[in-house]
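In what follows, a single structure is set out as structure tokens and then discussed.
We did not get these values from a lab; they are worked out from the coordinates using the rules stated. Keep in mind it's a predicted model, so treat the numbers as computed, not measured. Here Cβ is always computed from backbone atoms with ideal geometry, including for glycine, and neighbour counts include all displayed protein chains.
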Amino acid sequence: MTLLKYIAAALVLLLAGYAVASGISGVVRMTGHGARRVSTPGGRAPVIIIDPGHGGIDGGATGPNNIVEKDINLEIAFILRDLFAVNGFEVVMTREEDISIHDPGTSGIRAQKRSDLRNRLDFTERFTDNIFISVHQNKFGDPDQRGTQIFYGPNHPGSELLAELVQRNVVSMLQPENRREHKRGGRNLFLIYEARGPAILVECGFLSNPQDVKNLTDSQYQAQIAFAIFCSTMEFLGMEFPVSLAG
């Protein structure tokens, strides 16, 4: 394990210690079909659904030196999963491996992508009270474009507020130069467009920008992005949390 991996692991252990000190019961480390509901302060909390975008044959955006979006998405999603899990939330992920979850026997890349998205949506609909967070990376023809941007679904009034909080906290904690604004997602962002509960899609940065690529492939920065999303969700839920990675 590299030093930066130890830093990310230490962050999760720190949060686990906070959970124990705060008397949060039922803390579990779990995802996917084996997840179970746990108790949190103030009553039953929503299920946190984390969607690492793309996977398998669908690599998503690409960057220099064979950097592929699907891998970065999964790394950030794992850290985010653990941050929520050690604080007593039920957490599920749409994928935990480098796989597409299209129906068996589906042929053709386009059909497989459609099937994959449909199956992800079907999976999320098993949880009636949930918050949906999809993790992605951006790419653009202009390499000067950089920074995180948050999109939100149109079907729940809480989606816009959650997106606003994540955008604001990422900027204040990590990207003071970022002037992007959170935006409403359209039909092209299928999962958040169709989601019934609070739903956001986090474009963490641009794989076409050298500085973003350097940041997004750094384990400590990945932990910081995940922590900003986590803190924003806690704020959205009205739960206080005293730890900060700023600076």
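Please compute the length gained on full extension between Arg179 and Asp122, using 0.36 nm multiplied by the number of residues separating them and subtracting their Cα-Cα distance. Kindly include the intermediate steps, with their values, before the conclusion.
Details: separation 57, 0.36 × 57 = 20.52 nm, distance 3.48 nm.
Using 0.36 nm per residue and subtracting the Cα-Cα distance, I get 17.0 nm.
Once the dipole of segment 90-132 is set up with Lys and Arg at +1 and Asp and Glu at -1 on Cβ about the Cα centre, which of Ile109, Thr124, Met93 lies farthest towards its positive end?
Ile109
Taking 20 °C and 1.002 mPa s as the conditions, I'd like the Stokes-Einstein D for segment 156-212 in µm²/s, using the Kirkwood hydrodynamic radius from alpha carbon pairs. Mind dumping the intermediate values first?
Numbers: Rh = 12.5 Å.
It diffuses with D of about 172 µm²/s by this estimate.
Shape verdict for segment 54-144, please, from the Cα gyration tensor: rounded (a/c under 1.5), prolate (a/b greater than b/c) or oblate. All intermediate terms of the calculation are to be shown ahead of the outcome.
On the way: a/c = 2.11, a/b = 1.17, b/c = 1.80.
Oblate, because a/c is 1.5 or more while a/b does not exceed b/c.
Need one number for segment 112-228: average projected area of the convex hull over its C-alpha atoms, nm². Spell out each step's value before the answer.
Numbers: hull surface 30.7 nm².
Mean projected area of the Cα convex hull: 7.7 nm².
Based on the alpha-carbon set only, what is the convex hull volume of segment 162-247 divided per residue, in Å³?
Details: hull volume 9.2 nm³, N = 86.
Dividing the Cα hull volume of segment 162-247 by its residues yields 108 Å³.
If you place +1 on the Cβ of every Lys and Arg and -1 on the Cβ of every Asp and Glu, how big does the dipole about the Cα centre of segment 50-157 come out, in debye to the nearest 20?
Details: 11 positive and 17 negative charges, 64 e Å.
Computed about the Cα centre, the dipole is about 300 debye.
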